[in-house]
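Have a look at the structure below, then the notes.
The values are calculated or read from the model by the stated rules, or taken from the named source; none is laboratory data. Since the model is a prediction, treat every value here as computed from it, not as a measurement. Backbone-built Cβ (ideal geometry, glycine too); neighbour counts: all protein chains shown.
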């Protein structure tokens, strides 16, 4: 049995305040509330995967008596603080946490390096390196775990067409390179469809991907890249801009914009010359992005990985 926390739901004051806020939002302003607190996609994937693996758990219990001896905090600094107190009081015997609590392991006075935390999970190799750089206390107790996706939801029927469509996924691009790549794709005979991150629905993305031959993905870094996994699950390969460096609080970190990209799911480019070489040649017939997702990144597979990493 494991308790998954994304909020300090067992805290009486917190629960009372949340109840008031929920009433105001839902009853007075008619605002629909998300099913999960924290990073929705990560929480949804883990809980669904735990169900598929028949792993006993409870999620955000409202009473301390319902908390298991092993607690995993998925999100929230205040949630982690409350769980640390449980460990200090001897109410739980094992505390694991991550990945959606802090950006840098030095944030919040380095709380994720607290001695009460038995294991801390981050979602890629480069984030492990960055976390260890900022907080050496994590040595020997940091590990990698990535959330999965609902592969069935992203199993779309491709529309056969004589035209070649390149979907440009605009999250945080370098503007000049982004515009250059759009022009180059059009020159090479692609019809360009733009998807602006934060201004589309899952259905709109699926509709665009039905005709897509390729997605050109622009963001300077991803700690995991769940959107990429969703794209791959539609059997669409990606060409991913990868500047290989990210600045946070005036510190440069070596990074990647697609931690789980492989030669089965796409290719990286860094400069306009790199992109020219990729867009001028036919897309590799060796790409098998959906097959790769089904073998590596479903909810069930990733939850099984979580169980192995969190319970070591």
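Just one of 112, 92 is more than 30 Å from residue 288 (Cβ to Cβ), in contact with a strand residue (DSSP E or B) (Cβ under 8 Å, 6 or more places away or on another chain), modelled with pLDDT of 95 or more and assigned to a loop (DSSP other than H, G, I, E, B); which is it?
The unique qualifying residue is 92.
How about region 23-66: which of its residues are over 20 Å from residue 297 (Cβ atoms) and in contact with a helix residue (DSSP H, G or I) (Cβ under 7 Å, 6 or more places away or on another chain)?
Across region 23-66, the qualifying residues are 31, 33, 34, 57, 58, 59, 62.
Tell me whether region 242-260 contains one or more residues that are surrounded by 16 or more Cβ atoms within 10 Å (Cβ to Cβ) and farther than 17 Å from residue 127 by Cα.
no
Do you know which residues across region 241-265 are touching a residue at least 40 places away in the same chain (Cβ under 8 Å), touching a helix residue (DSSP H, G or I) at 6+ places or on another chain (Cβ under 8 Å) and under 14 Å from residue 217 (Cβ atoms)?
Listed by number, the residues that qualify are 241, 256, 258, 259, 260.
Can you find a residue in region 159-180 that is within 30 Å of residue 303 (Cβ to Cβ) and part of a loop (DSSP other than H, G, I, E, B)?
no
Would you pick out the residues in region 219-240 that are assigned to a strand (DSSP E or B) and either out of contact with any helix residue (DSSP H, G or I) (no Cβ under 7 Å at 6 or more places or on another chain) or in the same structural domain as residue 40 (by TED's automatic domain parsing) (or both)?
219, 240, listed by residue number.
Only one of 273, 264, 291 is part of a loop (DSSP other than H, G, I, E, B), modelled with pLDDT of 95 or more and more than 17 Å from the chain's Cα centre (by Cα). Can you tell me which?
Every option except 264 fails the conditions.
Among (1) out of contact with any helix residue (DSSP H, G or I) (no Cβ under 9 Å at 6 or more places or on another chain); (2) closer than 30 Å to residue 74 by Cα; (3) crowded, with 17+ Cβ neighbours inside 10 Å, which single condition is residue 172 missing?
(3)
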